[in-house]
Amino acid sequence: MLTDSFCPDRARELLTRLVEIPSVTRDEDKACDYLAGALGAFGWEACRDEVGNVIATRGDGERNIVLMGHIDTVPGGPPCRVEGDVLWGRGSVDAKGPLCAFAVAGGAATIPEGWKLTLIAAVGEEGDSRGARHVIPLYSPVACVIGEPSGTRGITIGYRGYLRLQVHARDSGAHRSGDPGPITACLMASSEVLREVGRRDDPSKPVIERPSGAVIAMGGSEAGERSGLVDLDVRLPVGVDPNDWARDFIHIGERFGVNVEFLSSMPAHLVDKNDPLVRALRVAAREARTSSGQTAAPRLLAKGGTADFNLAAAWGCPLAAYGPGDSKLDHTAEEHIDLNEYLQAASILKNALEGFMEFARNTPKH
């Protein structure tokens, strides 16, 4: 399953040790320091940047392929442990498994003259994506792979966008018998926003073409001056301008006498199935054989979440998300990864990178 350029034991140790080190968003330093120190054994030159990202490179050509994963995790998860070929622990799937597969694959890939690989272990992806936002203006890659779990034969070509809203109001106080107050008004306006999202949904469409909405947090006070607050997360389908929907929701707030504040947004992004990087991953996945000698057809995925993939769309280059692991285990108490799947994903990615560089070798620079 693996080529001679891989050392399976070293690759397993890299992931296991990284999962052992907690790296909840805003507390990634220990994990970043470990990874930066460990990457040299895989052929990378690594350092930390101004915001804490780990940046590693191989090759010195002008044609740069960026491999960007994230090293931070949400809190919780099962205790880190290895049971047979299964690694349990927070981040094993989302997204230290894909990140370490990038480190192993990129470290083993043959890099032609004129080419360069840049590995970015981004901080803050589970929060404000500060790591990715910092690097986007600094690079102009010819291609980018984002590290997110898709399974060895899955290649993700799209993610929905999002719109974060805060519904809030306050007054100087009144009796509830005559004026229900800000909490009630905020709840009613938020309910109408979510109903409007539902009216724009079409269950017959794929997830990337469907919106959804959820309440993130809510609160309020009825003591003296009254206040109410509801935070909303609206997931946006491909083709939607977040500003258009934000304006519509602000108008809903006006009807209920509350403020609807537009906090942040990200448009959905979908790449073509014939994107050259997607094609290279499909070829490599199709040709890969399991330990039993079987092959399987690759699958193209478009997901309902949002990732640094959406930010990387600003580069306008060939783009895909790839990595081992079952995304249904993201953020759960059952998060775990099959280490053999992790190794095979690294092998597939190595072959895809080499295939992409061979295909693009004589094309103009991006």
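What follows draws every value from the coordinates through simple rules; no lab data is involved. Predicted, not measured: the structure shown is a model, and the values here were computed from it. Virtual Cβ from ideal backbone geometry, glycine too; neighbours counted across all protein chains shown.
Sparsely packed loop sites in the stretch 5-83 (the GluC sites (Glu not before Pro) outside DSSP H, G, I, E and B with at most 12 other Cβ atoms within 10 Å) comprise 50, 62. Helix 182-199 and the long axis of the chain differ in direction by around 50°, with both axes built from C-alpha atoms. Here 201, 338 are placed in order of increasing Cβ neighbour count within 10 Å, fewest first, which gives 201, 338. With the biggest extent put first, the Cα atoms of the stretch 217-366 measure 70, 42, 21 Å across the principal axes. Against the chain, whose longest principal axis is taken from its Cα atoms, helix 339-360 shows a tilt of about 80°.
If you average 1/r across every pair of different Cα atoms in the stretch 52-184 and take the reciprocal, what Kirkwood value do you get, in Å?
Values: mean 1/r = 0.0554 Å⁻¹.
Mean inverse Cα-Cα distance, inverted, gives 18.1 Å.
If I stretch the segment between residue 328 and residue 297 completely, what's the gain in nm (0.36 nm per residue apart, minus their alpha carbon distance), one decimal? Write out the running numbers ahead of the final one.
Numbers: separation 31, 0.36 × 31 = 11.16 nm, distance 2.05 nm.
Stretched out fully, the residue 328 to residue 297 stretch lengthens by 9.1 nm.
Relative to the dominant Cα principal axis of the chain, helix 242-256 is inclined by about 20°. Between the entries (1) 41, 22, 19; (2) 37, 26, 18; (3) 54, 24, 22, the label attached to semi-axes √(5λ) of the Cα gyration tensor in Å calculated for this structure is (1). Residues 328, 303, arranged from fewest to most other Cβ atoms within 10 angstrom of their Cβ, appear as 328, 303. Under Stokes-Einstein, with the Kirkwood radius over Cα pairs as Rh, the value for the stretch 161-266 at 37 °C and 0.692 mPa s is 231 µm²/s.
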